[in-house]
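Asks: Below is the structure I would like to discuss, written out as structure tokens.
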Amino acid sequence: MEGLRYRPAVFLDRDGVLTEEKGYITRTSDLAIYPYARRCVARIREMGYLAVVVSNQAAVGMGLLPEKTLREMNEKLRRDTGVDAVYYCPHHPKAALAAYRLDCSCRKPAVGLFRRAAADFQIDLSGSYMIGDRASDILAGKRLGVKTVLLESGYGMERLEFDITPDYHAQDLREACGLIAGILQERGLVWEK
Ligand SMILES: [Mg+2]
Ligand SMILES: [Zn+2]
């Protein structure tokens with residue numbers, strides 16, 4: 001279609017990637033954004049990628065976090081980090097609240113949310129990345145066909161829930177961004193100051 005310009009994205013898990021992993025976070029004031037998150041997101045966007053958060057938030061289905069509060073949290077995340085969009089899955093197959101109890105197609109490692117984001121933003125998946133701290137993040141990325149980066153922050157130092165090999169490893173989001181910048185430079189696609 002004429003006029004449509006496809007852009008690659010860096011998909012980001014939330015907890016353990018942009019914010020401290022603290023288990024279920026149920027109050028906006030408990031959201032602890034890493035001090036480097038904003039700078040990293042700016043760098044991702046400067047390199048020409050969209051920054052899109054894809055997060056499993058089963059706390060909603062468990063009845064611990066009203067969806068309204070989660071939306072406030074997402075707004076704060078957007079404001080404080082500069083990400084382009086935040087997508088979340090509130091479901092869980094064993095959710096306490098019946099309305100959220102389903103085997104959905106959006107809970108990672110399923111790729112429903114990524115597909116929705118790709119359609120909403122005309123994302124070029126072939127040049128995109130997924131950065132996460134858990135096996136389910138990496139599997140989702142692989143199913144989607146994007147390059148995957150497993151971080152050591154968050155749950156990243158713990159044993160993976162299942163065996164899967166990411167394309168890259170990085171200590172945290174800062175190192176992951178450096179890695180992506182390096183790949184771009186290698187291909188002669190960007191010249192950083
Ligand atoms: Mg995580
Ligand atoms: Zn879902």
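Asks: Considering only GLY132, GLY141, GLY23, give the residue with the highest GNM mean-square fluctuation for the chain, with springs between Cα atoms whenever their separation is below 10 Å.
Replies: GLY23
Asks: Out of the trypsin sites (Lys or Arg not before Pro) in the stretch 1-59, which ones are loop residues according to DSSP with at most 11 other C-beta atoms within 10 Å? Show your work: numbers first, answer last.
Replies: Details: sites: ARG5, ARG14, LYS22, ARG27, ARG38, ARG39, ARG43, ARG45; in loops: ARG5, ARG14, LYS22, ARG27.
Filter output for the stretch 1-59: ARG5, ARG27.
Asks: Rounded to the nearest 5, what % of DSSP beta bridges with both residues in the stretch 9-186 are antiparallel? Let's see the in-between values first.
Replies: Details: 1 of 22 bridges.
Percentage antiparallel, nearest 5: 5.
Asks: Next question, about the same structure. What are the residues whose amide H is under 5 Å from the amide H of TYR88, where those residues sit 5 or more places off or on another chain and H is modelled from the backbone?
Replies: So TYR88 has HN proximity to SER55.
Asks: Where the centroid of each part is defined by its Cα atoms, how far is the stretch 117-153 from the stretch 28-95 in Å?
Replies: 15
Asks: Just rank TYR6, TYR87, fewest to most, by other beta-carbon atoms within 10 angstrom. Each step should come with its number before you reach the end.
Replies: On the way: TYR6 12, TYR87 17.
Ranking TYR6, TYR87 by Cβ neighbours within 10 Å, fewest first, gives TYR6, TYR87.
Asks: Moving to a separate point now. DSSP loop chymotrypsin sites (Phe, Trp or Tyr not before Pro) in the stretch 142-184 with at most 11 other Cβ atoms within 10 Å of their Cβ, which ones? Walk me through the intermediate numbers first.
Replies: On the way: sites: TYR155, PHE162, TYR168; in loops: TYR155, PHE162.
Here the chymotrypsin sites (Phe, Trp or Tyr not before Pro) that fit, given the DSSP loop and packing criteria, are PHE162.
Asks: If amide hydrogens are placed 1.01 Å from N in the peptide plane, which non-local residues have theirs closer than 5 Å to the one on GLY16?
Replies: GLU21
Asks: A follow-up question, please. Helix-only mean residue ellipticity at 222 nm, the chain, DSSP H runs n ≥ 4 weighted -39,500 (n - 2.57), per residue, nearest 500. What is it?
Replies: Details: 5 runs with 59 residues, N = 193.
After summing the helix terms and dividing by residue count, I get -9500 deg cm²/dmol.
Asks: Still on this structure, I have one more. How large is Rg over Rh for the chain, taking Rg from the Cα atoms and Rh as the Kirkwood inverse mean of 1/r across Cα pairs?
Replies: On the way: Rg = 16.1 Å, Rh = 16.8 Å.
With Rg and the Kirkwood Rh in hand, the quotient comes to 0.96.
Asks: Follow-up. Please work out the FRET efficiency for the pair LEU97 and THR26, using the Cβ-Cβ distance as r and a Förster radius of 22 Å; give the result to the nearest 0.05.
Replies: On the way: r = 14 Å, r/R0 = 0.63.
Efficiency for this residue pair is about 0.95.
Asks: Also, I was wondering about something else. Which net charge results when you count Lys and Arg as +1 and Asp and Glu as -1 among the other residues whose beta-carbon is under 13 Å from that of MET157?
Replies: Values: positive: ARG134, ARG159; negative: GLU21, ASP133, GLU152, GLU158, ASP172.
Surrounding charge for MET157 is -3.
Asks: Please order GLU175, GLU72, GLU186 by the number of other Cβ within 10 Å, starting at the fewest.
Replies: Working: GLU175 17, GLU72 14, GLU186 9.
Arranged by neighbour count, lowest to highest, GLU175, GLU72, GLU186 become GLU186, GLU72, GLU175.
Just so you know, all these numbers are worked out from the coordinates, no wet-lab data involved. Being a predicted model, the structure only gives us computed values, none of them experimental. Backbone-built Cβ (ideal geometry, glycine too); neighbour counts: all protein chains shown.
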